[in-house]
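*Asks:* Handing you this structure, nothing more for now.
The values are calculated or read from the model by the stated rules, or taken from the named source; none is laboratory data. Since we're looking at a predicted model, the values are computed, not measured. Note that each Cβ is placed from the backbone with ideal geometry, even for glycine, and that neighbours are counted across all protein chains shown.
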DNA sequence: CAGCGTGCCGTAAACGTTTACGGAAACAGT
DNA sequence: ACTGTTTCCGTAAACGTTTACGGCACGCTG
């Protein structure tokens with residue numbers, strides 16, 4: 001509530017000096033600086049960010065845009081908030097704040113984004129839920145807004161990005177399964193055109209050809225990225241004459257439906273069907289058997305995101321970085337059943 | 001990027017007229033208004049929110065504050081984002097935007113909040129994760145910021161709030177269980193001092209005395225609000241000489257751990273122990289048996305939150321409202337086992 | 001025709017900061 | 001004593017809007 005003007009009047013000095021004192025500028029007597037700081041603290045003065053932003057052309061806050069629609073489809077996962085939490089503590093060290101910009105399902109992604117940047121409430125933006133052809137990338141490039149994407153896209157643009165190691169997930173998982181003797185391995189993919197789906201698919205195909213395994217399109221199933229997707233996948237598998245012996249899940253929550261349907265059908269996970277999921281989370285150990293999954297260190301990822309966007313803000317190139325994980329094997333995989 | 005000045009130069013009129021035309025003010029010729037709107041659209045002009053906010057003293061965006069720490073403890077539930085989604089579409093109808101203000105676990109709740117209001121990036125705030133003695137309420141009251149809490153608190157302050165019907169959950173659940181013949185019913189509560197814990201407890205106690213059921217403190221278990229909490233609760237129950245025959249869960253994800261531990265112990269949910277959870281969500285049907293739970297219509301709740309905060313912004317009293325739900329019974333409850 | 005109202009528009013101040021610029025005072029060096 | 005330098009501080013412009021105010025050019029009325 002108290003403005004810099006009131007503070008200056010109270011101190012009997014000019015507002016310019018107050019501002020300089022508070023912002024650590026050189027041209028100010030150490031003792032007056034102390035007086036100013038003390039008075040500011042006493043009166044509870046905090047610089048109005050709107051005025052400051054208008055003058056500086058920067059708000060010291062960065063935004064991370066998510067689409068609530070896709071988050072709602074995944075009906076709440078534990079990926080996003082831990083990452084945000086870590087990113088925020090890192091940004092706070094550089095006097096930046098973080099806000100989440102949720103694009104509602106009733107809104108158009110691009111008009112939402114241009115509205116947000118038009119409002120000028122953030123200096124830079126982290127984009128999540130990257131599509132294969134994501135128009136937001138060109139939009140931000142054109143407007144000259146510093147940004148970083150959490151996820152690669154198919155568009156050829158040299159922007160900064162950090163992405164999870166989907167290739168590593170598929171590679172390690174398939175290698176593990178093949179070593180166990182599996183030859184027919186199915187995979188679930190998202191239905192929307194999020195880029196990670198494309199990458200999972202490409203790596204899957206590449207692995208099969210490199211290891212002289214035959215490719216069967218019936219083993220690639222595009223399903224909802226939640227428990228229902230598991231039901232859909234198992235239903236599709238059961239209808240096949242030549243069933244796969246293993247299954248890769250593009251999102252761990254799908255396992256709930258998979259386990260449930262398999263139990264219904266009298267099949268045992270890890271014996272009749274080996275299952276591996278992307279990504280490990282704590283509640284998976286309450287499935288029985290616990291799900292073999294790829295583990296991503298989320299806190300470190302959040303910190304990397306923060307450092308990355310700060311680099312972009314400084315005008316540096318910014319990261320282009322694949323964030324690795326590790327496969328945690330459990331009893332959800334085993335040798336294929338004897339025919 | 002384009003300012004109102006450029007737009008005015010392009011149209012050969014003054015910036016005052018441009019502003020009036022765009023904001024629907026009366027004193028402007030209809031044909032010039034059309035010209036201005038057309039040119040604004042053509043040049044992609046969007047009023048800079050910082051300048052507008054500075055002049056108007058309002059930003060047309062409202063914030064909803066969450067604590068990532070508690071969200072992380074619940075490791076991702078499907079409650080929050082659907083509510084935000086609905087609130088946002090409703091706010092958009094009144095030309096308001098919504099941002100999520102995540103308070104990181106490394107930050108102090110009050111200093112975070114006062115920093116946020118000091119920045120002046122939001123006109124009003126919705127508070128979630130309400131504590132029993134929540135200092136944020138007094139802070140916002142003192143600063144005169146319009147706010148609304150999603151959850152009641154123990155502090156006596158006549159602010160606007162909307163809360164879930166925790167009393168109804170406990171009342172209906174206990175009534176159902178007592179009708180089935182249960183007499184010893186346990187309940188899990190959160191460990192932190194979130195207010196909902198206190199309300200669940202109070203209603204639980206009140207019900208017991210009203211129905212002449214004996215109260216046993218050993219049946220009240222404060223546990224983590226996630227799968228681990230289920231393990232903790234079941235472990236505590238198993239250690240009792242006189243075990244309860246039913247269990248109320250303060251958060252549905254606890255059921256994961258409960259089911260897992262009971263299965264481990266060779267006990268059957270719905271037969272050896274009846275279980276009811278707060279709150280229904282889609283993935284519960286993949287537990288077997290599906291969890292009896294209290295269902296809350298989230299989209300309508302989000303809309304009510306939006307309407308409520310808008311009312312507060314208009315200076316109206318704002319709602320004080322308990323949001324009801326309905327109990328969906330499944331095979332996770334049944335008559336108590338014969339001794 | 002004088003007077004008045006109305007419709008439309010330009011001017012300029014204001015919102016709360018930051019910062020380039022200039023200047024007063026103090027001090028040092030010749 | 002004069003000049004030059006340093007230290008500190010005040011002045012005012014600028015950021016991009018909105019809006020109160022005044023004024024010009026009409027058209028209308030008496």
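*Asks:* Let me confirm something: among B:63, B:57, B:118, which residue is within 16 Å of DNA strand D (Cβ to nearest atom) and either within 9 Å of chain A (Cβ to nearest Cβ) or surrounded by fewer than 19 Cβ atoms within 10 Å (Cβ to Cβ) (or both)?
*Replies:* Just one listed residue meets the conditions, B:57.
*Asks:* Counting just the residues of segment B:55-72 that are within 31 Å of the chain's Cα centre (by Cα) and modelled with pLDDT of 90 or more, which one comes out farthest from residue B:83 (Cα to Cα)?
*Replies:* Among them, the one singled out is B:56.
*Asks:* Could you count how many residues in segment A:253-292 are out of contact with any strand residue (DSSP E or B) (no Cβ under 7 Å at 6 or more places or on another chain) and in a helix (DSSP H, G or I)?
*Replies:* Residues that pass the stated criteria total 10.
*Asks:* Now a separate question. Of the conditions (1) crowded, with 21+ Cβ neighbours inside 10 Å; (2) more than 16 Å from DNA strand C (Cβ to nearest atom); (3) over 21 Å from residue A:318 (Cβ atoms), residue A:134 clears all except one; give me its number.
*Replies:* (3)
*Asks:* Is it fair to say residue A:305 is in a strand (DSSP E or B) and under 30 Å from residue A:123 (Cβ atoms)?
*Replies:* So residue A:305 does not fit the description; no.
*Asks:* Moving to a separate point now. Within segment A:233-252, track down each residue that is in a helix (DSSP H, G or I) and either farther than 22 Å from residue A:280 by Cβ or not assigned by TED's automatic domain parsing to the domain that holds residue A:200 (or both).
*Replies:* A:235, A:236, A:237, A:238
*Asks:* Being more than 7 Å from chain A (Cβ to nearest Cβ) and modelled with pLDDT under 90 is the filter here; which residues of segment B:80-91 pass it?
*Replies:* B:80
*Asks:* Right, something else. Would a scan of segment A:38-47 turn up a residue that is in contact with a helix residue (DSSP H, G or I) (Cβ under 9 Å, 6 or more places away or on another chain), more than 25 Å from residue B:82 (Cα to Cα), within 10 Å of chain B (Cβ to nearest Cβ) and within 13 Å of DNA strand D (Cβ to nearest atom)?
*Replies:* There is at least one residue in segment A:38-47 that is in contact with a helix residue (DSSP H, G or I) (Cβ under 9 Å, 6 or more places away or on another chain), more than 25 Å from residue B:82 (Cα to Cα), within 10 Å of chain B (Cβ to nearest Cβ) and within 13 Å of DNA strand D (Cβ to nearest atom).
*Asks:* Would you confirm, using the coordinates I've provided, whether residue B:212 is more than 19 Å from residue B:67 (Cβ to Cβ), assigned to a loop (DSSP other than H, G, I, E, B) and in the same structural domain as residue B:235 (by TED's automatic domain parsing)?
*Replies:* yes
*Asks:* Here is a list of conditions, (1) away from DNA strand C (no atom under 11 Å from the Cβ); (2) touching a residue at least 40 places away in the same chain (Cβ under 8 Å); (3) touching a helix residue (DSSP H, G or I) at 6+ places or on another chain (Cβ under 6 Å), and residue A:33 meets all of them except one; can you say which number that is?
*Replies:* The failed condition is (2).
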